[in-house]
Amino acid sequence: MQTIQFLTVPDRTFRLRWPPAAEDASVFLDLCRANPDYRIELNGQGEIEIMPPTGIRTGRKNAKLISALTSWAEKDNSGETFDSSTGFRFADGATRSPDASWVRRDRLDRLASPEKDGFAPLAPDFVVELRSKSDSLETIQAKMEEYRENGVRLGWLLNPEARQVFVYRPGQPVEAFDNLESISGDPELPGFLLNLRPIWEPGF
């Protein structure tokens, strides 16, 4: 098994190149499993991105987001919700772990059993990224474009500090909204309405 062991958790995202991880999905999976204290992603340029853990304010907001999405998904029953620890392997070679995501059940049913134990070779139907103070807005916006280019049907970038929402759909201009109290997932997620007030509130 090929692994890299990191000694300290970075306080910001940094990138490195390790060709075996970019060329072999199993090597990248081994790398992630050997370093469970890190959030590690692989971008489409073959660069490994290592990110620090979130602070408790961001973690609280993300928990509320996951809870709302899961509650809707259990009632709708047409797909499954995934948290920020879930990796998806894209057609361009990237492996990403959105803060929250949802995939239609019929697409999940087509996966072979081994594919369900590793990084699923598909892009989610819906993704959410929640910006923390340490995140560069430009970097997350580029990631959202990557999601869209790889087949994500609906993406939300939530920027709590500025109370902004950016909405991404294939083939459409990015929509930006300020000070929304809620946002609808229709028509991609019929009936899903996210209350944004807990996301905007600083908490604690």
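Brief remarks on what is shown
- Out of 101, 97, one residue alone is touching a Pro at 6+ places or on another chain (Cβ under 7 Å) and under 21 Å from residue 52 (Cα atoms). It is 101.
- Single unsatisfied condition, residue 26 versus (1) part of a loop (DSSP other than H, G, I, E, B); (2) hydroxyl-bearing (Ser, Thr, Tyr); (3) surrounded by fewer than 16 Cβ atoms within 10 Å (Cβ to Cβ); (4) modelled with pLDDT of 75 or more: (1)
- Matching strands (runs of 3 or more DSSP E) fully within the stretch 127-194 where at least 3 residues are open to solvent by 30 Å² or more (accessible area, probe 1.4 Å), of a type outside the set (Gly, Ala, Ser) and farther than 22 Å from residue 53 by Cβ: 175-178
- Matching residues, the stretch 195-204, being out of contact with any Leu (no Cβ under 7 Å at 6 or more places or on another chain), open to solvent by less than 90 Å² (accessible area, probe 1.4 Å) and part of a helix (DSSP H, G or I): 198, 200
- Verdict on residue 158 being hydrophobic (A, V, I, L, M, F, W, C) and out of contact with any Gly (no Cβ under 9 Å at 6 or more places or on another chain): yes
- Residue, farthest from residue 164 (Cα to Cα), within the stretch 124-148, restricted to residues that are of a type outside the set (A, V, I, L, M, F, W, C) and within 10 Å of the chain's Cα centre (by Cα): 124
- Once the stretch 76-119 is narrowed to residues that are acidic (Asp, Glu), part of a loop (DSSP other than H, G, I, E, B) and open to solvent by 30 Å² or more (accessible area, probe 1.4 Å), the residue that is farthest from residue 26 (Cα to Cα) is 83.
The values are calculated or read from the model by the stated rules, or taken from the named source; none is laboratory data. Just so we're clear, the structure is a prediction, and the values are computed from it rather than from any experiment. Note: ideal-geometry Cβ built from the backbone for every residue, glycine included; neighbour counts use all protein chains shown. Side chains included, ligands, DNA and RNA excluded: accessible areas come from the protein's heavy atoms. Shrake-Rupley method; radii C 1.70, N 1.55, O 1.52, S 1.80 Å.
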